[in-house]
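Notes for the one structure printed next.
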Amino acid sequence: MLELYVDGASAGNPGKSGIGIFIKGEGHHLKFSESIEPTDNHSAEFQALLRGVEEAAKLTNGIVSARSDSQLVVRAVEKEFVKNEIYSEYLSKIIAITKTFDLFFIKWIPDNENRSADALAREAIHKKD
């Protein structure tokens, strides 16, 4: 089983943004810290999960347990629905990838349990262009 921790961060609304991804399990211990186009925090959170499931799909088609501190993202994935159309394209891509896993589940976690991904996302905001 892979454990996938994701976080998005934005310094402004919109503002300079980044994503952090931490994947562990099945012999893997991977960290990704990437700058993304300036955006709002919710979009950064969706982009972090999308990028995370893309990376997980390169490693397994088995069980993936995702964790995020974004209640909006977790609810959207669980219900396979989001009210705001801005996020619907991200959600569609995420759902399509998660369907390729034998089992995928996502869980909301508090910020203090998502420190690794949060640090990676914040680091990405401060990377030089």
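The values are calculated or read from the model by the stated rules, or taken from the named source; none is laboratory data. These numbers come from a predicted model, not from an experiment. In this analysis, Cβ positions are derived from the backbone assuming ideal geometry, glycine residues included, and neighbour counts consider all displayed protein chains.
General observations
- Residue within the range 107-116 that is at pLDDT 95 or above, within 21 Å of Ser33 (Cα to Cα), assigned to a helix (DSSP H, G or I) and in contact with a Ser or Thr (Cβ under 6 Å, 6 or more places away or on another chain) present: no
- The set of residues in the range 69-106 that are within 14 Å of the chain's Cα centre (by Cα), among the charged types (D, E, K, R) and part of a loop (DSSP other than H, G, I, E, B) contains only Asp69.
- Test result for Ala66, modelled with pLDDT under 95, touching a strand residue (DSSP E or B) at 6+ places or on another chain (Cβ under 9 Å) and assigned to a strand (DSSP E or B): no
- Test: Lys16 is farther than 23 Å from Asn112 by Cβ and not in a helix (DSSP H, G or I): yes
- Of all residues in the range 80-95, one or more are modelled with pLDDT of 95 or more, loosely packed, with under 13 Cβ neighbours inside 10 Å and in contact with a helix residue (DSSP H, G or I) (Cβ under 6 Å, 6 or more places away or on another chain).
- Considered as a group, the residues in the range 30-60 that are free of Cβ contacts under 8 Å to residues at least 60 places away in the same chain and among the charged types (D, E, K, R) include one that is farthest from Pro14 (Cα to Cα), and that residue is Lys58.
- In the set (1) assigned to a helix (DSSP H, G or I); (2) in contact with a Phe, Trp or Tyr (Cβ under 8 Å, 6 or more places away or on another chain); (3) surrounded by fewer than 20 Cβ atoms within 10 Å (Cβ to Cβ); (4) among the polar types (S, T, N, Q), Gln47 fails one condition alone, (3).
- Among residues of the range 89-100 that are without any contact (Cβ under 8 Å) to a residue 60 or more places away in the chain, those with a Cβ under 6 angstrom from a residue that is of a type in the set (A, V, I, L, M) and outside any helix (DSSP H, G or I), sequence gap 6+ or separate chain, pair up as Leu91/Val82.
- Among the candidates Ala48, Ala76, the residue that is under 15 Å from Asp7 (Cβ atoms) and either of a type in the set (Val, Ile, Thr) or at pLDDT 95 or above (or both) is uniquely Ala48.
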